[in-house]
Amino acid sequence: MKNLENTILSFDNWSQPWTFRETILKSKALSVDESKKFEELWNKVSGVEFWRDYDLVLSCKASHSFIRENYELSDNAIAKIVRALSYNYR
């Protein structure tokens, strides 16, 4: 998961947040297993159960908590994932 975390942390193109997922998945630094793990995480956390709330802050907190409890990533990496996801629901 360290390669995945480093790849997530290296993303800085917030002028185009919609490229986050694709950038991570296309990273040559990731193994097939790491790419699958990220895709699994993204699919679970991008679901309506996390983003149905009209309060963006509550949705972000729920997503952050879920990732922290289920995946071995730093809070900084999780924050970037949640930030990217939140752009889909603004």
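The values are calculated or read from the model by the stated rules, or taken from the named source; none is laboratory data. Worth saying up front: this structure is predicted, and the values here are computed from it rather than measured. Note that we place each Cβ from the backbone using ideal geometry, even for glycine, and neighbour counts take in every protein chain shown. The protein model used for the area step is the full one, side chains on, heavy atoms only, and it has no ligands, DNA or RNA in it. Shrake-Rupley method; radii C 1.70, N 1.55, O 1.52, S 1.80 Å.
Before moving on, here are some points about what is shown:
- The lone exception for L9 - which of (1) surrounded by 15 or more Cβ atoms within 10 Å (Cβ to Cβ); (2) in contact with a helix residue (DSSP H, G or I) (Cβ under 6 Å, 6 or more places away or on another chain); (3) not basic (K, R) it fails: (1)
- Within the range 30-52, if we keep just the residues that are open to solvent by 60 Å² or more (accessible area, probe 1.4 Å) and more than 12 Å from the chain's Cα centre (by Cα), the residue that is farthest from F66 (Cα to Cα) turns out to be V32.
- Looking across the range 46-90, the residues that are more than 14 Å from I24 (Cβ to Cβ) and among the hydrophobic types (A, V, I, L, M, F, W, C) come down to V48, F50, W51, L56, V57, L58, C60, A62, F66, A79.
- Helices (runs of 4 or more DSSP H) (entirely within the range 13-68) containing at least 2 residues that are at pLDDT 95 or above and within 16 Å of N3 (Cα to Cα): 20-25, 32-45
- Pair list, Cβ under 7 Å, 6 or more apart: the range 61-72 residue open to solvent by 100 Å² or more (accessible area, probe 1.4 Å), other residue at pLDDT below 95: E72/M1
- Scan of the range 69-90 for residues that are aromatic (F, W, Y), assigned to a loop (DSSP other than H, G, I, E, B) and over 15 Å from K2 (Cα atoms), ordered by number: Y89
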